């Protein structure tokens with residue numbers, strides 16, 4: 001919409017240029033001489049206040065990240081409040097981790113139900129990004145025209161249901177339905193776990209764990225900011241991609257807080273001209289007496305610029321129960337909703353754009369092993385627009401894209417040729433990514449059908465049967481086809497998770513050298529979990545490789561991930577078991593030489609030292625842990641065990657007293673205390689400590705096993721049998737997954 005002399009350039013809704021894509025439908029606004037009001041639109045005071053609020057929010061975000069970064073100077077463990085980000089709610093719903101993001105999302109939803117979408121307009125960092133993008137484009141002479149589609153408006157709600165509702169429905173409804181029918185959930189529907197038990201997760205150690213790296217974040221911001229605004233209009237991502245908006249928009253419908261109009265309105269259209277939420281404010285207030293469109297984000301620019309002070313924020317009837325003001329308004333609303341010209345796409349084009357969007361979303365998500373869901377949504381929205389515009393360019397004589405004329409009177413401009421080339425490249429990249437993603441998906445489905453337990457695959461003498469080998473080979477064929485060109489595939493380098501699956505499939509097929517190489521690649525890409533280090537050692541052992549090679553492999557992992565201490569500890573244990581005592585101590589000393597070491601790492605090192613008879617060293621390590629975490633009862637309990645092993649009973653007794661004082665109802669502390677008392681041959685206090693652990697964690701079979709062993713050692717066979725029987729009942733059944 002062009003502005004000339006402060007007045008929006010008006011095009012009639014039935015202008016044929018609309019259908020051709022050559023011009024924009026604008027506002028039915030200011031008539032010269034319509035009154036004493038100046039046609040010049042004044043600047044919004046609300047926008048300055050809103051900019052200040054959004055800047056303050058970004059300052060708070062930076063402060064939060066900096067606080068986390070510097071928080072580990074003393075203890076070696078960074079810690080902070082979990083990210084205040086609505087997407088964190090997924091971990092609450094799926095894993096039971098109640099975090100700050102979940103609470104924030106609930107508060108935002110409740111506030112929207114009451115006041116409307118103020119959160120979106122005044123507190124969302126992505127809205128701030130899009131507003132900044134709009135300002136940049138306006139400075140370059142581009143005023144983004146909103147892309148108006150019927151079907152794509154449903155994308156935010158669909159994505160919201162997929163992210164926040166579907167996992168629970170799958171776990172609580174779909175999976176039980178399949179089980180009741182004597183079947184299992186198909187692999188293509190994804191995995192489902194047990195119903196989570198809610199637990200406190202407001203503090204996290206890795207603040208950045210759920211965020212993408214910088215080389216993904218920057219393209220993400222450019223795509224959801226400049227890209228979405230240029231092609232889809234101001235706040236285009238909010239309109240066609242934001243999953244949180246999928247909930248906020250319906251919530252806004254029942255909100256009593258709304259923008260309302262009084263009788264001073266003279267239909268000048270200033271309100272619509274400044275609205276960055278793509279709401280036709282002048283039509284809404286004319287026909288309903290208020291803004292009922294749930295896309296309104298309460299930026300208050302319309303209120304601020306109204307030359308006659310006709311608009312204000314007030315409590316009134318919710319939009320969902322507000323109808324047109326009179327028969328004339330009712331007829332206008334009906335005509336607008338029935339009119340194809342109210343939208344940019346014909347009905348056939350709507351379905352075309354929707355299908356393209358879905359296909360591109362599936363293709364772009366996970367592209368290059370990096371693109372996250374929200375970025376893929378923005379890319380798919382832009383891709384659907386580009387594909388539609390390319391179709392228009394091929395079939396319509398006059399086509400514009402913002403301020404660019406792509407085709408005029410049937411002749412292609414240079415801009416049209418450049419756009420067409422870029423559009424073809426976009427569609428081709430989606431097709432390529434889609435093909436790669438298809439191979440990854442189908443390979444994953446075949447992989448999921450292999451049920452051989454890992455303890456069997458990684459056991460000596462394992463040989464796969466013909467059917468299992470054939471499945472593994474088929475899955476490997478699909479996954480390697482998706483690999484990079486220099487590995488014989490058509491795609492990009494497999495990510496760490498896929499390389500782990502490739503390693504597993506090679507092991508299932510009986511090819512241990514290939515399994516080892518794929519596992520090493522995965523460890524080079526992503527910091528490995530401790531269990532994977534054990535798998536690497538087992539695979540090397542099954543190949544008959546010497547212990548020195550396993551130690552060398554673990555050292556390479558430690559060098560690749562300097563913050564990871566477990567490889568050094570595992571290497572030390574191999575050295576000890578191979579009789580190289582001094583070499584084992586040297587590996588542990590490399591960890592202890594760090595300025596800051598995690599308390600959990602210090603405890604693991606102390607356990608290893610106790611196992612190899614280095615009691616004095618173990619006690620020294622635990623003293624260091626006590627200095628780092630003076631309020632940790634488990635550290636005191638571990639010290640009590642080490643002191644008891646060293647025969648220093650008075651000190652062990654004092655450590656027990658201190659541990660129980662710090663954490664009197666901790667099952668872990670009680671278990672350590674029981675061990676210390678047992679080492680000192682103090683049966684009664686050891687039994688009391690174990691019974692306390694059982695009282696705190698009655699469903700933990702290991703406490704019952706230890707109690708049974710203690711009772712058996714004192715000749716109380718009947719009670720020991722009862723404890724062991726109880727442990728047997730509580731022990732999990734079946735083999736764990738891979």
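Bear in mind that the values in this text are calculations on the coordinates, not laboratory data. Nothing here was measured: the structure is a model prediction, and the numbers come from that model. So basically every Cβ, Gly included, is an ideal-geometry build from the backbone, and we count neighbours across all protein chains shown.
The alpha-carbon atoms of segment 449-572 define a convex hull whose volume equals 105 cubic angstrom per residue.
Helix 701-713 against the longest principal axis of the chain: what's the angle in degrees, Cα atoms only, rounded to the nearest 10? In the chain, helix 701-713 runs at an angle near 10 degrees to the longest axis.
Each of 612, 126 has some number of other Cβ atoms within 10 Å of its Cβ, and from fewest to most they run 612, 126. Just report the Cα centroid separation between segment 665-695 and segment 262-277, whole Å. Centre-to-centre distance over Cα atoms comes out at 74 Å. Express in whole angstrom the spacing between the alpha-carbon centres of segment 129-156 and segment 340-375. Comparing the Cα centres of segment 129-156 and segment 340-375, I get a distance of 16 Å. Seen against the Cα atoms of the chain and their longest principal axis, helix 581-592 is set at about 30 degrees. With N as its number of residues, segment 120-192 has a Cα radius of gyration that, divided by 2.2 N^0.38 Å, comes to 1.83. Footprinting exposure proxy ranking of 373, 690, 500, fewest other C-beta atoms within 10 angstrom first, gives 373, 500, 690. Please determine, in degrees from 0 to 90 and to the nearest 10, the orientation of helix 373-395 with respect to the longest principal axis defined by the Cα atoms of the chain, where the helix direction is its Cα long axis. Approximately 30 degrees, to the nearest ten.
Gyration tensor analysis over the Cα atoms of segment 347-440 returns equivalent ellipsoid semi-axes of 27, 13, 11 Å (largest first, whole Å).
For the listed peptides 469-479, 112-122, 578-588, a ranking on the average number of other beta carbons within 10 Å per residue, highest first, reads 112-122, 469-479, 578-588. Calculate the FRET efficiency for residue 103 and residue 411 from the Cβ-Cβ distance with a Förster distance of 51 Å, rounded to the nearest 0.05. Given R0 = 51 Å and the Cβ-Cβ separation, E is 0.30. Each residue in 68, 208, 504 was given a count of other beta-carbon atoms within 10 angstrom of its own, and listing them fewest first yields 208, 68, 504. From its DSSP helices (H runs of at least four residues, each -39,500 (n - 2.57)), the chain gives a residue-normalised ellipticity at 222 nm of -18000 deg cm²/dmol. Take 49-61, 193-205, 158-170 and order them by the average number of nearby Cβ atoms within 10 Å per residue, most first; the result is 158-170, 49-61, 193-205.
Once the C-beta distance of residue 179 and residue 315 is scaled by a Förster radius of 60 Å, the resulting FRET efficiency is 0.75 to the nearest 0.05.
Extension gain for residue 459 to residue 334 (0.36 nm times residue separation, less C-alpha to C-alpha distance): 37.9 nm.
Based on alpha-carbon centroids, what's the gap between segment 587-622 and segment 500-526 in Å, whole number please? Value for the Cα centre distance between the two parts: 31 Å. Along its principal axes, segment 513-629 has C-alpha extents of 45, 30, 18 angstrom, given from the largest down.
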